[in-house]
Amino acid sequence: MATSVCSWNISSCPRLRLSTFRILSSSEIGVSRRQVLEQVDKELSKGDDRTALSLVKDLQGKPGGLRCFGAARQVPQRLYTLDELRLNGIETKSLLSPVDATLGSIERNLQLAGIVGGVAAWNAFSFSPQQILFISLGFLFLGTLDLVAVNGGIGSLVLDTIGHTFSQKYHNRVIQHEAGHFLIAYLVGILPRGYTLTSLDALKKEGSLNIQAGTSFVDFEFLEEVNAGKVSATTLNRFSCIALAGVATEYLLFGYAEGGLADINKLDGLLKGLGFTQKKADSQVRWSVLNTVLLLRRHEVARAKLAEAMSQGKSVGSCIDIVEDNINDADI
């Protein structure tokens, strides 16, 4: 699924001082973390990404705080060969070439139903060839209007809604995909801002057909660097891993990826925009794939618990709390 990227900004802003919480025991520590995360949810709901990020950074790496934020143990960055990826159980063709067979099948069935319905209507109402032509042109015009005006948003909304309603496999795949994005972002130090699991939810929250379901992030540092034309290696690594986290999750769970083509295209567009040669781009992608897959394998329990929480519509703060509760110190 496509992932929305939202701007985030850091500036001097009021911070919740940890000294206000008298931390004397592990149970009190837990309450303090939950209280801060509840405040993070409030700030995100108000659109104050700066304060939300500041609150998270106040607890970053502190005992009883947010041990896992930005604490991912990552593989050394170098040029990895395809054989090295295969030795780690990764077939890039199955991971980096997603084809959404489920929605493709639904779309073909709808087209077939439209043709059958058109023939039935022709016989039932004795439409003339000229009337059939006008009706066909009308549907073609509506489809073109949807594509031009809202980037195919209406068609995507219909297909996605049918997919979630009638295909449990599709519904589960989308949840797991977005949980992968959320978890990897948090582990590499990018705060998730929010998420939607269906196009209908995205429409209700954002009020736009141009926004598809996905996970959004507090990512102003990344956007500032992109606008300046100088993206640091650390920022690029984070973005690359987050972009590939969804397809990597699907690959690990199902042996192949169906969703996430838009994520891959965004990453490819960024690398081209930065002037990367094909060899340098391949190196970046291979490292990101290996790093992301190994992180997801190491934190499988946390990802599964996170996916369950997201399926229940838990808040960002609650999801972070679940991640923290399901990762051992030895794994970070």
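The values are calculated or read from the model by the stated rules, or taken from the named source; none is laboratory data. Fair warning: this is a prediction, and the values are worked out from it, not measured in the lab. Cβ sites come from the backbone with ideal geometry, for glycine too, and all protein chains shown count toward neighbours.
In this structure, is residue 259 surrounded by fewer than 16 Cβ atoms within 10 Å (Cβ to Cβ) and of a type outside the set (S, T, N, Q)? In short, no.
A single entry from 210, 172, 237 fulfils the requirement of being under 18 Å from the mean Cα position of the chain (by Cα), surrounded by fewer than 16 Cβ atoms within 10 Å (Cβ to Cβ) and at pLDDT 85 or above: 172. Of all the residues in region 68-82, those that are surrounded by fewer than 19 Cβ atoms within 10 Å (Cβ to Cβ) and either over 22 Å from the mean Cα position of the chain (by Cα) or of a type in the set (A, V, I, L, M) (or both) number 8. For region 43-100, the helices (runs of 4 or more DSSP H) that sit wholly inside it and include 3 or more residues that are under 15 Å from residue 218 (Cβ atoms) are 49-59. Looking only at residues of region 240-274 that are modelled with pLDDT of 95 or more and either among the small types (Gly, Ala, Ser) or touching a strand residue (DSSP E or B) at 6+ places or on another chain (Cβ under 6 Å) (or both), we find that the one that is farthest from residue 97 (Cα to Cα) is 240.
For region 154-187, the set of residues classified as of a type in the set (S, T, N, Q) and more than 30 Å from residue 57 (Cβ to Cβ) consists of 156, 161, 165, 167, 168, 172, listed by residue number. For region 156-169, a tally of residues being surrounded by fewer than 20 Cβ atoms within 10 Å (Cβ to Cβ) and of a type in the set (D, E, K, R) returns 1.
A search for C-beta distances below 9 Å between a residue of region 70-89 that is closer than 25 Å to residue 183 by Cα and any residue that is among the aliphatic types (A, V, I, L, M) and loosely packed, with under 12 Cβ neighbours inside 10 Å, counting only pairs 6+ apart in sequence or on different chains, returns 77/233.
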